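Student: Provided herewith is a single structure, encoded as structure tokens, for subsequent inquiry.
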Amino acid sequence: MGESNLSVTSDFTLMGLFSHSGPPLVLFSLVVTIFTVGLLGNAILLFLVCTDSRLHTPMYFLLSQLSLLDVGFPLVTIPKMAVDFLQGESSISFQGCGAQMFFLMLMGVSEGVVLSFMSYDRYVAVCHPLHYPLLMRRQVCLLMMRTSWLSGVLVACIQTSIILHFPYCASRAVDHFFCELPALLKLSCADTSAYDLALSISGVLILLLPLSLIATSYSQVLGAIFRMHSAEARHKAFTTCSSHIAVVGLFYGAAVFMYMVPGTYHSPQQDNVVSLFYSLVTPTLNPLIYSLRNREVRTALVKVLDRAGFRSKR
């Protein structure tokens with residue numbers, strides 16, 4: 001009982017990113033720059049979707065949910081890591097560690113569900129365009145939004161409550177730059193084999209179920225695109241869907257590596273790189289992918305910039 005109580009009162013130490021790297025100041029500056037660019041890019045995309053009436057469509061509504069999640073992802077981890085680096089400390093309380101895991105799982109699961117709904121949206125738009133206003137009406141979009149967030153909350157509550165009930169009575173040094181479930185599980189002095197199995201099974205459901213829906217949707221979409229007679233329509237549909245597929249590949253590639261590949265097959269250094277990729281790099285790339293390859297977003301951005309320039313002259 002004393003050992004179990006210790007896990008509730010003691011802090012963890014985050015070893016993490018800069019302890020395994022070369023010049024820490026260079027990497028720190030790079031991380032902060034990517035973090036700033038990502039927040040700015042997603043904030044601009046959210047602003048454009050909210051203010052431009054031409055972007056008030058189901059596709060951009062789902063895209064705004066993705067941007068909202070991509071704002072939250074790095075905010076959970078990067079500011080804490082930056083403060084620790086500047087202060088020369090790396091500790092995190094037991095409650096803070098639990099909060100990090102909760103919000104990361106919430107946003108990770110929600111983003112996976114949002115990406116699957118975005119693939120369904122493209123499937124309906126390309127394969128059943130006449131039924132699109134009915135199948136993607138406002139009520140359906142709101143239901144998709146609630147489903148994505150509620151699924152994230154449910155999984156995060158279950159996983160966080162389980163992992164925090166394990167006793168942590170040995171080393172309290174987390175070989176990671178934030179509290180992630182696989183890294184924290186290695187520190188438990190209890191037998192976690194049953195939970196490891198349950199985690200693998202839940203990982204299959206949480207990751208592969210949306211991924212299978214995405215694969216099915218885009219296989220149908222690609223088939224429909226190749227059957228189009230208009231080269232312009234085929235190019236427009238392929239450009240939009242290829243952006244979505246790129247985002248899916250970035251997100252799920254890292255997530256599958258972390259949560260479905262057994263921990264014995266990757267090192268803590270690899271975990272740090274992969275986690276940095278899906279918690280910082282991918283959220284930064286998402287708005288760039290959609291903005292640079294989407295005419296409507298570029299047009300809305302140019303309109304806002306022109307308006308701002310006109311007002312500044314006056």
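Student: To the nearest 10 square angstrom, what accessible area does ASP11 show with a 1.4 Å probe?
Tutor: Taking all protein chains as shown, ASP11 has close to 80 Å².
Student: With +1 assigned to the C-beta of every Lys and Arg and -1 to the C-beta of every Asp and Glu, and no other charges, what is the dipole magnitude of the chain about the Cα centre in debye, to the nearest 20? If you can, show how the numbers build up before the last one.
Tutor: Numbers: 19 positive and 16 negative charges, 362 e Å.
Result for the chain is approximately 1740 debye, rounded to the nearest 20.
Student: Would you mind telling me the share, in percent, of accessible area of the chain contributed by carbon and sulfur at probe 1.4 angstrom?
Tutor: 69
Student: Taking the mean number of other Cβ atoms within 10 Å as a proxy for protection, how do you rank 221-234, 94-107 from highest to lowest?
Tutor: Ranking, from highest mean packing down: 94-107, 221-234.
Student: Taking θ as phi - 60°, what are the ³J(HN,Hα) couplings along segment 178-191 by the Karplus curve (6.51, -1.76, 1.60), each to the nearest whole Hz, with x for Gly and Pro?
Tutor: Taking θ as phi minus 60°, the curve returns 7, 7, 10, 3, x, 5, 6, 4, 5, 8, 5, 9, 9, 6 Hz for segment 178-191.
Student: With every protein chain present, what is the per residue accessible area of the chain (1.4 Å probe, Å²)?
Tutor: 50
Student: Measure nothing fancy, just the Cα-based angle from helix 295-313's long axis to the longest principal axis of the chain, in degrees from 0 to 90, nearest 10.
Tutor: Helix 295-313 and the main axis of the chain meet at about 90 degrees.
Student: Given the -39500 (n - 2.57) contribution per DSSP H run of 4+ residues, what per-residue ellipticity at 222 nm results for the chain, rounded to the nearest 500 deg cm²/dmol?
Tutor: -25000 deg cm²/dmol
Student: Report P(r) for the chain: all Cα-Cα distances, bin width 10 Å, range 0 to the bin holding the largest distance, values in whole percent.
Tutor: 5, 24, 31, 22, 12, 4, 1, 0
The values are calculated or read from the model by the stated rules, or taken from the named source; none is laboratory data. All of these numbers come straight from a predicted model, not from anything done at the bench. With ideal geometry, Cβ positions are generated from the backbone for all residues, glycine too; neighbour counts draw on all protein chains shown. Ligands, DNA and RNA are excluded from the accessible area calculation, which covers all protein heavy atoms including side chains. Shrake-Rupley method; radii C 1.70, N 1.55, O 1.52, S 1.80 Å.
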